Every structure is written in C-alpha cells, then in structure tokens.
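Everything on this sheet refers to the single structure shown next.
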C-alpha cells in the first residue's frame, strides 16, 4: 500500500511539473507573439505619411535675410485662393483644405477626405511661385530645410503635422 501512495505522489508531482512547464511554454509563446507583433507594427509605420485629416506644419520664409510675413486667410480669402484643384478634399465650402488662419506661419490642413498635400499645393492655392530657383517675387537660388535638415523636394514635399519648414532665397 505504501508503494502505491508513493507512486501516486510521484505521478502527481510529475504531472504538476509537466503542467508548469506547459504553462511556461504557453506564456513564452504568447510573449514572443506579442513582441513580434509590436516589432512588425513599428517597422510598418516607420517612414509612412501621416494620414490624419487635421495637421499643422509651420512655414517660415526669408528673402535676402528678411522674414516674409505669410498672409492671414490664404485659401479662405478669395483674393488669396487662386487654385481650386484641391477643392474635392476640403472639409468646408468656405476654405481650401490647405490654408492659413493668421500670419504666424502655421499652415492648416483640414480635409474632409485625406489627400497628401504638398508644399507646391500650398503655393498654388496662394497663387505664388515657388521652386529651387524662385520664391514669391525673388528669382535666384532657393534653399529648403525641413526640421533643420536640407531638403530637395521643394514643391513635392508632403506636408506633415509639426514639420518646421524654412525657405530661404539667398
């Protein structure tokens, strides 16, 4: 009888140890799966375009060392809304999806449906020339920096929330 109880205890101990190992392996599998999912998510979102419908890049323009005021109501005031090619993306009939509200340099992207707005789109709405050889009434070499780094996309720069864009005409 004593041998039978010892075998039962040993058998129960073996089953308990197997169950513990099984739970540890299951937990490890879950943790590995979660870690892999997080890693894939971070890789898939890195370098993508922000597709939110409301964004605020910031623009500064300097021509021959002097700051240029960016007008209030670009894309709202009819005299400062020259290009209507983006109207299908607007949220409100009374304003372009790319506009300004004040002279502080904040560009507002407020869209009814998402579209990648570019710096060229902003200048088109404003009705002003812009590119590597011109900015507003200035003709000559133009540099563009985004978040402090040189950028050669000029008109093709896709505007993103929080960008700090600086244009310098010599």
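The values are calculated or read from the model by the stated rules, or taken from the named source; none is laboratory data. Here the structure is a predicted model, which means the values were calculated and not measured. Counting neighbours? That spans all protein chains shown, and the Cβs are built from the backbone with ideal geometry, glycine included.
Below, the figures for the structure above:
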| item | result |
| --- | --- |
| Lone qualifier among 142, 158 - being surrounded by 14 or more Cβ atoms within 10 Å (Cβ to Cβ), closer than 16 Å to residue 107 by Cα and modelled with pLDDT of 95 or more | 158 |
| Members of region 82-108 that are buried (at least 20 other Cβ atoms within 10 Å of the Cβ) and within 18 Å of residue 144 (Cβ to Cβ) | 98, 107 |
| Residue within region 59-73 that is at negative phi, at pLDDT 95 or above, assigned by TED's automatic domain parsing to the domain that holds residue 147 and assigned to a helix (DSSP H, G or I) present | no |
| Residue list for region 109-129, filter: surrounded by 20 or more Cβ atoms within 10 Å (Cβ to Cβ) and assigned to a helix (DSSP H, G or I) | 119, 121, 122, 123, 124, 125, 126 |
| Whichever residue in region 57-72 is more than 23 Å from the chain's Cα centre (by Cα) and in contact (Cβ under 8 Å) with a residue 60 or more places away in the chain and, among such residues, is farthest from residue 166 (Cα to Cα) | 64 |
| Flag for residue 136 being crowded, with 18+ Cβ neighbours inside 10 Å, under 28 Å from residue 64 (Cβ atoms) and either assigned by TED's automatic domain parsing to the domain that holds residue 67 or in contact with a helix residue (DSSP H, G or I) (Cβ under 6 Å, 6 or more places away or on another chain) (or both) | no |
